Amino acid sequence: MKPSQILIVEDDRKMRLALREIMTKEGYSVDTVETGEAALGRVEETSYDLVITDLKLPGIDGMSLLKAIRKSRPDTSVVIITAYATVDTAVEAMREGAEDYISKPFNLDEIRIIVKKVLEKKALLDDNRLLRNQLKKKYSYDNVVGNSEAMIEVYKTIDKVKDAKATVLILGETGTGKELVARAIHYNSTRSGEPFLPVNCAALTESLLESELFGYVKGAFTGALKDKLGVFETADGGTVFLDEIGDISPRLQQVLLRVLENGEIQPVGSTARKKVDVRVVAATNKNLEELMKTSLFRADLYYRLNVISLRLPSLLERKEDIPALANHFLRKYSAENNKTITGISKEALQMLEGYNWPGNVRELENVIERATLLETTDEITVDSLSEKIRSSLNRSPVVLEEDLRTLEEVGRAYIIEVLEKTGGNKVKTSEILGINRTSLWRMMQRLKIVA
Ligand SMILES: Nc1ncnc2c1ncn2[C@@H]1O[C@H](COP(=O)(O)OP(=O)(O)OP(=O)(O)O)[C@@H](O)[C@H]1O
Ligand SMILES: [Mg+2]
């Protein structure tokens, strides 16, 4: 691993050298300068992990330097060195964004520990940032596959709504990509640096769901040994994804409505309310309007959630996306399983296009994952598709467009087939076909069938 890079800004020569020596011994890569001006120049050139600066410097002082670094290099941590007499200033420096301060005189261990702690924290933040960037990439629209008209409409809506605070309700059958789209909205929004937290409302009982969403205070119920934050607080600044929203109980519907209306949550067992800044994206595969009619879903909550709604098309409504989706999953599972399958055979693709996909994209993904594992050639063939997909072909045969034939052609082939089966017996053949012998004879003449 690359050693951390540190810049020391200290006008006192003895101190400067001492600091350089300690830090170098710790294994860091160290630069030193004497003035704030020189420091600014260095910081512009190099992305330091940490700048340790004396507060009192001739010319540009430590505080101004700190402010400049915070602006131009938000990723560089700053620790300031100050004399006892100026601890107040140190506190102010922390307020301005310094990570920590060291007061003079200091002993070597103290400074070692502070620097180590600051750098560890920075590494952690960097990791998080990296992880978030990866996640962001993962859930940008790049990963939502499909160029059908229906999907283009979806992308347009995502574009329009992603930065709004308003609640988004995502509707669609199972497996149509509701969660994927919820993530795409979040990771393409101004909130992308903050958490995206999904909660499956159907998976928890009413009281567990309430604690999960809003947290609880110590003693709220047996077993509540200490305060616990709910997802609404943990996701502060980000997005909470309420999946299967159609399944929440009437009481929680009311609580949720209040949260959406005033942006305040109340942990279980607490009398205090807390303000949170959370964007809610909700999803369901139920028909909320139907539930509303039977009073299972509150109308006021429905209208709150439904400020912006997005309906995801079923896979049948966007059959033209099947090849792109299938190939997308093929690449994914090929790579994951170290397979070198490069494509999907024409017949297999036709079968996929002919199936009715009750489980939508999720089902297609599973079918391709399975086929990738089973396939022994370098393309997915009919043999590695599941029986269900294959048998769908028997029920509704998939016929290539170039293979489509006229009624006459089909008729001719069938007459020949029956003649062959009856050994050329025209009486039997006409009986099977349900026509009289003269009609058969005329047809054979017209269609140039020689028997
Ligand atoms: N347009 C798409 N492009 C690529 N992958 C997709 C797309 N739509 C869905 N998927 C994939 O299909 C699977 C199911 O999607 P997701 O979980 O978002 O569906 P859902 O609508 O939330 O389903 P359910 O209602 O059953 O919870 C996921 O693995 C997802 O990545
Ligand atoms: Mg889902």
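When the inverse distances between all different Cα atoms of segment 54-121 are averaged and flipped, the Kirkwood radius reads 12.2 angstrom. Measuring against 19 Å, Cα to Cα, the residue pairs LYS71/LYS116; LYS2/LYS116; LYS178/LYS286; LYS162/LYS332; LYS156/LYS178; LYS67/LYS275 contain LYS71/LYS116; LYS162/LYS332; LYS67/LYS275 as the ones spanning a longer distance.
Percent of accessible area on segment 214-366 owned by carbon and sulfur, 1.4 Å probe? Spell out each step's value before the answer.
Details: 3660 of 7410 Å².
Reported share for carbon and sulfur atoms: 49 percent.
With one equal scatterer per alpha carbon and no solvent term, the Debye-computed log10 I(q)/I(0) for the chain at 0.08, 0.09, 0.13 1/Å reads -0.75, -0.86, -1.13.
Taking every Cα-Cα distance in segment 405-446 and sorting them into 5 Å bins from zero, the calculated P(r) comes out as 5, 26, 35, 25, 7, 1 percent. If you find the alpha carbon centre of segment 349-369 and of segment 52-66, how far apart are they in angstrom? Their Cα centres are 64 Å away from one another. Quote the Stokes-Einstein diffusion coefficient, in whole µm² s⁻¹, for segment 152-311, based on the Kirkwood radius over alpha carbon pairs, a temperature of 37 °C and a viscosity of 0.692 mPa s. The calculation lands on 206 µm²/s. Label sites at THR340 and ARG112, each approximated as a point 7 angstrom past Cα along Cα to Cβ, lie 5.3 nm apart. Compared with the alpha-carbon gap, the fully stretched path from ASP11 to ASN200 is longer by 62.2 nm at 0.36 nm per residue. Rolling a 1.4 Å probe over the protein chains gives SER384 an accessible area of about 10 Å². How would you classify segment 5-134 from its alpha-carbon gyration tensor, with a ≥ b ≥ c the square roots of the eigenvalues: rounded for a/c under 1.5, else prolate if a/b is greater than b/c, otherwise oblate? The shape class here is rounded.
In the neighborhood of ASP163, defined by Cβ-to-Cβ distances under 11 Å, what is the net charge if each Lys or Arg adds +1 and each Asp or Glu adds -1? Can you show the working numbers first?
Details: positive: LYS160, LYS162, LYS165, ARG191, ARG279; negative: ASP159.
That sum, taken over residues with Cβ under 11 Å, equals +4.
Per-residue ellipticity at 222 nm computed for the chain from its helices equals -14500 deg cm²/dmol, with DSSP H segments shorter than 4 residues left out and the rest contributing -39,500 (n - 2.57). Surface exposure of the chain, expressed per residue as accessible area with a 1.4 Å probe, stands at 55 Å².
Per 0.36 nm of contour for each residue apart, how much would the distance between SER72 and ALA220 grow if the chain were fully extended, relative to their Cα-Cα spacing?
Numbers: separation 148, 0.36 × 148 = 53.28 nm, distance 4.65 nm.
Contour length minus Cα-Cα distance gives 48.6 nm.
The values are calculated or read from the model by the stated rules, or taken from the named source; none is laboratory data. No experiment lies behind these values; they were computed from the predicted model shown. Using ideal geometry, Cβ is built from the backbone for each residue, glycine included, and neighbour counts are taken over all protein chains shown. For the accessible areas, the whole protein counts, side chains as well, though only heavy atoms, and no ligand, DNA or RNA atoms are used. Shrake-Rupley method; radii C 1.70, N 1.55, O 1.52, S 1.80 Å.
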